[in-house]
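Written below as structure tokens is the structure these notes are about.
The values are calculated or read from the model by the stated rules, or taken from the named source; none is laboratory data. Predicted model, so just to flag it, every value in this text is computed and none were measured. Every residue, glycine as well, gets a Cβ built from its backbone with ideal geometry; the counts of neighbours run over all protein chains shown. Side chains included, ligands, DNA and RNA excluded: accessible areas come from the protein's heavy atoms. Shrake-Rupley method; radii C 1.70, N 1.55, O 1.52, S 1.80 Å.
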Amino acid sequence: MSSTSPSAHLVVVDFEDISDASKDLTAELERAFGGHLSSSSSSDATSPLGIIAIRNIPNFVEAKNAFLPMAHALAHLSPEYYKALEDPTSFYNAGWSHGKEKLGDEPDFAKASYYFNPLTDVPGTQDEREKYPASYPCNKWPNEDDLPQLKDFKQSAQKLGKIMHQTVAHVAKHIDVMAAKKVVGYRKDLLFDAMKHTEKAKGRLLYYYPIDKDQTATTQAKEDNWIGWHNDSGFLTSLAGDLFLDDETGQPLSPDQIDPEAGLYVTNRSGESIHVKIPDDCMAVQIGECVPILT
């Protein structure tokens, strides 16, 4: 069963508060990530969604609006350009990936991904890159001299990614504070130190192609028709929100042209799927599998 989340159901905090280490945000984090399972309806605000939104992040909206529209140009290059952007050594965890992942048992050609590290082009040591190519891939940037439609692509990707990484580190700081209150012997700044000083940040620019008309009925019958239900495998996933474009022109769609059921879905602790609409001026942070293990 699914339902659309009212805006009040998504916990939203201000960047001024999340960036203040002395601010106690335990109540907000519990409502977002770890509150008590309510015996009443799962639409109750006490049933956590595993996601929190942050508003008023300096330069975030501008960086988002500069970078996300470039996904359309990247997804419509001539085929010969993509081979140079692929990185099979990292199992396509850097650069261009299209049809390399599966949706169910079939190759997924409905979406394409561009993976990049916003913090460094060459993460880790030589030994780490050789032993763990999927964890320490080097970036594969498009050649902007040959592709004027992608002018400032690298700079825009790094700017947005760094803003989002820094914001995630602030969230991690407050998760540490909450965990220390509940977990005996929890080390101070455990998650914050890992997030703040890591070189393993992964950015993903995701583009969904239009569904063919003959696939529409079959696709609409499935709730997870764009990407299958899954748990994020890392610690924290930052989300810039979605942008709906006309696939032919690359221009933003008007609100009345957007499928009201499209977007992000999560399941709460009652097992109900909730449609989460991230406000346009917010970044969101979603919990990954590793944080429950760590805490």
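Please specify each residue of segment 141-152 satisfying the condition of being in a loop (DSSP other than H, G, I, E, B), surrounded by 14 or more Cβ atoms within 10 Å (Cβ to Cβ) and touching a residue at least 12 places away in the same chain (Cβ under 8 Å).
TRP141, PRO142, LEU147
Would you mind stating whether VAL285 is in contact with a helix residue (DSSP H, G or I) (Cβ under 9 Å, 6 or more places away or on another chain) and in contact (Cβ under 8 Å) with a residue 24 or more places away in the chain?
Criteria met by VAL285.
Picking from SER135, SER113, which residue would you name as being more than 19 Å from LEU294 (Cβ to Cβ) and surrounded by 14 or more Cβ atoms within 10 Å (Cβ to Cβ)?
On inspection, the qualifying residue turns out to be SER113.
Restricting to segment 153-188, count the residues that are surrounded by fewer than 16 Cβ atoms within 10 Å (Cβ to Cβ) and either part of a loop (DSSP other than H, G, I, E, B) or of a type in the set (Phe, Trp, Tyr) (or both).
Summing the residues that are surrounded by fewer than 16 Cβ atoms within 10 Å (Cβ to Cβ) and either part of a loop (DSSP other than H, G, I, E, B) or of a type in the set (Phe, Trp, Tyr) (or both) in segment 153-188 gives 5.
Under 7 Å between Cβ atoms, which residue pairs at least 6 apart in sequence (or on different chains) link something in segment 260-274 that is within 18 Å of VAL11 (Cβ to Cβ) and without any contact (Cβ under 8 Å) to a residue 60 or more places away in the chain with a partner that is open to solvent by 20 Å² or more (accessible area, probe 1.4 Å) and of a type in the set (D, E, K, R)?
GLY263/ASP242; GLY263/LYS277
Just to be sure I understand, how many residues within segment 42-99 are under 16 Å from PHE116 (Cβ atoms) and without any contact (Cβ under 8 Å) to a residue 12 or more places away in the chain?
Selection size over segment 42-99: 0.
Hand me the list of strands (runs of 3 or more DSSP E) wholly inside segment 191-295 holding 3 or more residues that are more than 18 Å from TYR115 (Cα to Cα) and modelled with pLDDT under 95.
264-267, 273-276
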